[in-house]
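Okay, so here's the structure we're looking at.
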Amino acid sequence: MTTQTIKTTPFSDQKPGTSGLRKRVTVYQQPNYVENYIQAIFDSLEGFAGQTLVIGGDGRFYNDVAIQKAIRIAAANGFGKVLVGQGGILSTPAASHVIRHYKAFGGLVLSASHNPGGPEGDFGIKYNIGNGGPAPEKITDAVYARTKIIDSFKTLDTADIDLNAIGTQQVGDMVVEVIDPVKDYAALMQTLFDFDAIRALFAGGFRMTFDAMAAVTGPYANAILEDMLGAPKGTVVNGTPSPTFDNGHPDPNLVYCKDMHDLLMTPDGPDFGAASDGDGDRNLIIGKNRFVTPSDSLALLAANAHLAPGYKDGIAGIARSMPTSAAADRVAEKLGIEMHETPTGWKFFGNLLDAGRVTICGEESAGTGSNHVREKDGLWAVLLWLNILAVRKHGVDEIVREHWRTYGRNYYTRHDYEEVDSAIANQLMDDLRGKLASLPGQTLGDDMQVAYADDFTYHDPVDGSTSAKQGVRIGFVDGSRIVLRLSGTGTVGATLRVYLERYEASDGRHDLDTQVALEPLIAIAEQLAGIKSRTGRTEPSVIT
Ligand code: G1P
Ligand code: ZN
């Protein structure tokens, strides 16, 4: 079979964001758009001849089309083998595991995560390296540079492969193996958690609801929660992946999982509610009468991880993204282990995990994970929670309150302003940066004294690289913080994220409403950035 070299012209908008290249499906459907990007990725890599590439996605609209293209381009570029999930399905954490488990060269993860899908929705392609994690900036920068000058791509003129047939097929000189997307991942979970204890929990009448949001975690949750752990049938809802996510928005937050939240707040509701996003890497945790913020969940999981077999010897360290609350820092301090603050995006955890300096990582955006893979992992977080509940034999609310009594409570919220005009959002950030130098020492609001104000720069302690302009931080003397940054995953206009945090000590007041507790900081953020007057918005689009 002869390789075809097809002439092409560059697209100017193929700059990877926080997590790969996310665009409207209609953008991806332009002739050669997928081809250019995948060829640019391969052009930025070295030494993959004859090696294995993993391909999988969250089942969203256009997945199947893009996978067939990717397979042909991989074959034409000299990969020896492609491992692809049946039906094109692999959750993002499962893809990470498959890359590691089979010692693949890397992988293509086809997803736009929690963004809506369907013909009018979003699509995305992300490249992961051999450690199973998102490519570091060195590679994503090279890919972007390549997309700007690419003039041809390589492909083969072959029929589509049958994505549903488990087993091997041939594409040119390359082998394509269609694998069960769940099996290897489920086996990994069994090595980490006490399945017997969790099975006993369910057998004892513990009731749970898991919302797969018509996205990728359906098959995983059905197999693990219902089949292996004996949760009653019906525990998993919306468990069949749909290309449009049943026209929903697969983001497991209190806006899109409001019904589940409300159910958990009723006396007859289940004991535990959880959800995961489009590609299975995010998690939402709600106990009876208690929503657990992702920042608190990170701290709690780190403090209790030793109760699960996979972490019984303790954890080496914790890392959190900069905007994530400092709740986990207090756990690290007590455990006497390393704590790292990194820029937003899972790719920044990879080096720390590879170097064995941290075991558990998390982001305020509902992402938690550990060194078992190099992505955040929604079901992992759910299973660790179940393991902890099974061992401690207390409810979620009790465990959360006890945590606050020990460590204090970090009140935390994030206000998002979506689809803001990009020029306005950039100007807002620029003006704010201009004010930073004069802020330290000033008193804002009634009595909030600024301790520091900067634009976060990260120095990676493992490879020495530096990442600047990662978000504006305004820290106060009492430990409170305001952080503002622009999203790197939005596909239309700009999304302004405002993160607010206030610490209440272990003997302090832990029962305030979060928005009320943070009211003074919300007002200061408005005063400094002029969000309402500049954007014309009277309130955030999403509050988490
Ligand atoms: C968002 C989250 C970030 C997460 C990323 C990918 O990025 O804030 O924590 O890693 O999605 O799931 P952002 O849109 O803020 O750049
Ligand atoms: Zn995701």
Self-check item: Calculated from backbone phi, Karplus (6.51, -1.76, 1.60) coupling profile of segment 456-463 in Hz, x at Gly/Pro
Solution: 4, 10, 9, 10, 5, x, 8, 10
Quiz item: Hey, what's the Kirkwood Rh for segment 146-215 if you take every pair of different alpha carbons, in angstrom?
Solution: 17.3 Å
Quiz item: Hey, if you put +1 on the Cβ of every Lys and Arg and -1 on every Asp and Glu Cβ in segment 365-412, which of H403, W385, S370 ends up farthest toward the positive end of that dipole?
Solution: H403
Quiz prompt | For segment 121-183: rounded, prolate or oblate by the Cα gyration tensor [a/c cutoff 1.5] | solution = oblate
Quiz prompt | Cα point-scatterer Debye curve for segment 426-544, base-10 log of I(q)/I(0) at q = 0.12, 0.13, 0.16 Å⁻¹ | solution = -0.50, -0.58, -0.86
Exercise. Tell me which residues come under 5 Å, amide H to amide H, from T324 once H is placed; ignore anything under 5 positions away on its chain.
Key: E364
Quiz item: So for segment 315-429, Kirkwood radius off the Cα pairs, Stokes-Einstein at 10 °C and 1.306 mPa s: how many µm² s⁻¹?
Solution: 100 µm²/s
Quiz item: Roughly speaking, what is the centre-to-centre gap between segment 486-529 and segment 69-127 when only Cα atoms are used, to the nearest Å?
Solution: 35 Å
Exercise. With no solvent and one equal point scatterer per Cα, compute the Debye intensity ratio I(q)/I(0) for segment 71-148 at 0.19 Å⁻¹ and report its log10, rounded to two decimals.
Key: -0.96
Quiz prompt | Other-chain or far-sequence residues with amide H under 5 Å of S465's (modelled H) | solution = D460
Quiz item: For the pair S541 and D196, what calculated FRET efficiency results from E = 1/(1 + (r/R0)^6), where r is the Cβ-Cβ distance and R0 = 45 Å, to the nearest 0.05?
Solution: 0.55
Practice problem: Any chance you could list P(r) for the chain, counting all Cα-Cα pairs in 20 angstrom bins from zero, rounded to whole %? | Solution: 22, 56, 21, 1
Quiz item: Tell me, in nm to one decimal, what length is gained between T443 and A142 on full extension, where the rule is 0.36 nm per residue of separation less the Cα-Cα distance?
Solution: 103.9 nm
Self-check item: Mean projected area in nm² (Cα convex hull; one quarter of hull surface) for segment 391-442
Solution: 7.3 nm²
Quiz item: For segment 213-315, what is the convex hull volume of the alpha-carbon atoms per residue, in Å³?
Solution: 116 Å³
Quiz item: Rounded to the nearest 20 Debye, what is the dipole magnitude of segment 472-544 about its Cα centre when Lys and Arg each give +1 and Asp and Glu each give -1 at the C-beta?
Solution: 520 debye
Self-check item: Average projection area in nm² (convex hull over Cα atoms of segment 249-294, one quarter of hull surface)
Solution: 2.9 nm²
Practice problem: State which entries of K7/K469; K183/K288; K126/K469; K288/K312; K258/K469 exceed 29 angstrom in Cα-Cα distance in the structure shown. | Solution: K7/K469; K183/K288; K258/K469
Quiz item: Sorted from largest down, what three extents in whole angstroms do the Cα atoms of segment 45-189 have along their principal axes?
Solution: 42, 35, 32
Exercise. Just need log10 I(q)/I(0) for segment 1-103 at q = 0.19, 0.22 Å⁻¹, Debye formula, equal scatterers on the alpha-carbon atoms, no solvent, rounded to two decimals.
Key: -1.12, -1.48
Exercise. Give the carbon-plus-sulfur fraction of the accessible surface of the chain in %, rounded to a whole number; probe 1.4 Å, heavy atoms of protein chains only.
Key: 48 percent
Practice problem: Report ³J(HN,Hα) in whole Hz for each residue of segment 305-312, in order, from the Karplus equation J = 6.51 cos²θ - 1.76 cosθ + 1.60 where θ = phi - 60°; Gly and Pro get x. | Solution: 4, 4, 6, 9, x, x, 10, 5
Quiz item: How long are the semi-axes of the ellipsoid equivalent to segment 370-477, from square roots of 5 times the Cα gyration tensor eigenvalues, in whole Å, largest first?
Solution: 35, 22, 17
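The values are calculated or read from the model by the stated rules, or taken from the named source; none is laboratory data. Here the structure is a predicted model, which is why all the values come from computation and not from measurement. In this analysis, Cβ positions are derived from the backbone assuming ideal geometry, glycine residues included, and neighbour counts consider all displayed protein chains. Note: areas computed on protein heavy atoms with side chains; ligands, DNA, RNA excluded. Shrake-Rupley method; radii C 1.70, N 1.55, O 1.52, S 1.80 Å.
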